[in-house]
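If you scroll down you'll find the structure; I have some questions about it.
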Amino acid sequence: MDRLSKEILKELLPAEKEVIPEAASPQARRRNPVDHWSPAILLERAAYLRKLARQGDGSASETLKEYPQHFTMLAFRSRSGGGELHQNFADLFYILDGHATLTTGGELVDPTTTAPGEIRGASVKGGTSQELRRGDVVHIPACVPHQMLVAESESVTYFVVKIQESQ
């Protein structure tokens, strides 16, 4: 997401609630370094991602917060994605809204390295498919091919935790 999109997002949508205000003392922040996003706040933020997806290729995401061994994201899709494999990160998905089919395992079709540890493909062949709906949680270990499939006229909004498993 470019800088202008991030600035618009900050203006249009509420930021995540902080349990300890930013102005709190360093000691208070160490005692309770908690970040909290309710489903309602995440879905409000996702409304902006939906608009970006309409103007782009049918998907949009944003990184919410980075931590030492993981980071959180919010994603929206109104179209199927390609196959993915993350060599160093596991994915933990929480479906906030919508419906999709997740294919895991098997192998990537036409794999290409897009960044260190990140491999993309046209699709996943020979995997196992499962339906995902609101409230579902799925964990995909590092090095497991996966692909999110979204039927025409459907969409899915999901919260992602990218967990570093190796370097």
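Every number here is computed from the coordinates shown, using simple stated rules; none is lab data. As the structure is a prediction and not an experimental result, all values here were calculated from the model. With ideal geometry, Cβ positions are generated from the backbone for all residues, glycine too; neighbour counts draw on all protein chains shown.
I'd like the Karplus ³J(HN,Hα) series for region 45-58: coefficients 6.51, -1.76, 1.60, θ = phi - 60°, whole numbers in Hz, and an x wherever there's a Gly or Pro.
5, 5, 4, 5, 4, 4, 5, 4, 5, 4, 7, x, 9, x
Return the long-range amide H neighbours of S123 (sequence gap of 5 or more, or a different chain), with a cut-off of under 5 Å between placed amide H atoms.
G83, V109
Local charge sum around E154 (other residues, Cβ-Cβ under 14 Å, Lys/Arg +1, Asp/Glu -1)? Spell out each step's value before the answer.
On the way: positive: R50, R77, R79, R133, R134; negative: D97, E131, E152.
Summing Lys/Arg as +1 and Asp/Glu as -1 gives +2.
Amide H to amide H under 5 Å from D136: which residues, 5+ apart in sequence or cross-chain, H placed 1.01 Å off N in plane?
Close amide H contacts, sequence-distant or interchain: I95.
Still on this model: Please give me the summed charge of the neighbours of H139: other residues whose Cβ is under 12 Å from its Cβ, Lys and Arg +1, Asp and Glu -1. Intermediate values should be presented prior to the final figure.
Details: positive: K162; negative: D91, D136, E165.
With Lys, Arg at +1 and Asp, Glu at -1, the net is -2.
Using the Cα atoms of region 70-132 to build a convex hull, what is its mean projected area in square nanometres?
Numbers: hull surface 18.8 nm².
Mean orientational projected area (region 70-132, Cα hull): 4.7 nm².
For the peptides 107-120, 36-49, what is the packing order when you average, over each peptide's residues, the other Cβ atoms within 10 Å and list the highest mean first? Walk me through the intermediate numbers first.
Numbers: 107-120: 13.4, 36-49: 16.2.
Packing order, densest peptide first, comes out as 36-49, 107-120.
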